[in-house]
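I have placed the structure first, in the form of C-alpha cells, so that the comments after it can refer back to it.
The values are calculated or read from the model by the stated rules, or taken from the named source; none is laboratory data. Quick caveat, the model's predicted, so the values are computed rather than measured. Cβ placement follows ideal geometry from the backbone for every residue including glycine, while neighbour counts extend to all protein chains displayed.
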Amino acid sequence: MRSIALVTLLGLVLAGCQSAPRSAAHPAAPQQIAVLTDQTTIYTCPECLMEYDRAGQCPMCMVDLVQTHVDYICPADDKPVERSGKCPRCAANARVVKTAMAQKTPGAPTGN
C-alpha cells in the first residue's frame, strides 16, 4: 500500500515537471525592463512610461509602444560609455539619455 502511494506521488511529480510553464503563453508579447543595463533600443509606453524590450502594445494601457534610443553618457566628460553604472574612466555613474525615435504615420506625406 505504501509503495503504491509512493509510485503515484512520483508519477504526479514527474508529470508536473514536464508541463509547459504558464508564462510562455505569449512569447512575442513585450516584456517589461526592470533595470537598464546595456540596452540601446527600448520601447516606451507614452501613457504610463513603462519600458519594454520589444515593439508591440503596452499590456496595461493598450497603446502602441514608442521606439526609444538609449545612450549612456559619463557626466564628467560627456563621452559615451557602453553601459549603465560606473564609468570605466572615472567613479561617476553614467547618465542615461533616452531619445524617442520618429514613428511613421500611415498616410502622412513623405516629404518629397
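Of all the numbered requirements in (1) part of a strand (DSSP E or B); (2) of a type outside the set (D, E, K, R); (3) more than 20 Å from GLN32 (Cβ to Cβ), ALA102 misses one, and that requirement is (1). The condition (being part of a loop (DSSP other than H, G, I, E, B), at pLDDT below 95 and at negative phi) is satisfied by just one residue among THR8, THR110: THR110. Tallying residues that are of a type in the set (D, E, K, R), assigned to a strand (DSSP E or B) and touching a residue at least 24 places away in the same chain (Cβ under 8 Å) within the range 65-95 yields 1.
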